[in-house]
Amino acid sequence: MVLSASSLAACYVVPVTAPDGTTHYGYYPVPPPATAAPGATGATGSAGAPATPASLPVRLYPANEMATKTGVVTGTVANMMTGKGRFVLDYEGEVLNGEATRVSDDERRGVASAYSPRGMYMSCEYQMSTPYKGAGNCSFANGAKYQMHIGQ
């Protein structure tokens, strides 16, 4: 019992309801705590200490007719405060897992990608105004386009 409890302690449990009404539970690992990489830039809590990862809400608002079929899509991104992040969102009953990476020439701009086991994928470009707030654009494999808002 201890082994199974400890293995779930570092996971998200994301329930997904199928069209037939059955509920499936996907287990997605939580990213490990951030550690300062040599030469990494980013926010720090106290002098020299690495910043703590932040879990931020993500909202995608429809930007074309295809996207209006789903309405607002929500998810979560874990900003590792190292220029990398991991996110999870539910899109039309499919759980997409992905990552976000800041581009090397600009600490604020980044790209993000996600994929589901059933083949749905998305690509985003974003810009962070702070480590806790940002905005961007996302496109899905089915042609849907969204305006993305990150943070509170």
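The values are calculated or read from the model by the stated rules, or taken from the named source; none is laboratory data. None of the values given here were measured: they were computed from a predicted structure. Cβ coordinates were reconstructed from backbone atoms using ideal geometry, including for glycine residues, and neighbour counts include every protein chain displayed.
Please tell me if Y121 is surrounded by 13 or more Cβ atoms within 10 Å (Cβ to Cβ), in contact (Cβ under 8 Å) with a residue 12 or more places away in the chain, closer than 15 Å to L56 by Cα and of a type in the set (S, T, Y). Steps first, answer last, please.
Numbers: surrounded by 13 or more Cβ atoms within 10 Å (Cβ to Cβ): yes; in contact (Cβ under 8 Å) with a residue 12 or more places away in the chain: yes; closer than 15 Å to L56 by Cα: no; of a type in the set (S, T, Y): yes.
For Y121, the condition - surrounded by 13 or more Cβ atoms within 10 Å (Cβ to Cβ), in contact (Cβ under 8 Å) with a residue 12 or more places away in the chain, closer than 15 Å to L56 by Cα and of a type in the set (S, T, Y) - is not met.
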message = I'd like the residue in the range 77-96 that is among the charged types (D, E, K, R) and closer than 13 Å to V58 by Cα and, out of all such residues, is surrounded by the most Cβ atoms within 10 Å (Cβ to Cβ).
response = R86
ask   = Can K84 be described as under 13 Å from the mean Cα position of the chain (by Cα) and in contact (Cβ under 8 Å) with a residue 12 or more places away in the chain?
value = yes
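Can you pull out the residues in the range 97-112 that are free of Cβ contacts under 8 Å to residues at least 60 places away in the same chain and surrounded by 14 or more Cβ atoms within 10 Å (Cβ to Cβ)? Even if it seems obvious, please write down each step before you answer.
Keep residues of the range 97-112 that are free of Cβ contacts under 8 Å to residues at least 60 places away in the same chain, which gives 98-106, 108-112.
Correct list: G98, E99, A100, R102, R109, G110, V111, A112.
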request  = Determine which member of the set M81, M128, M148 is assigned to a strand (DSSP E or B), at pLDDT below 95 and out of contact with any Asp or Glu (no Cβ under 7 Å at 6 or more places or on another chain).
outcome  = M128
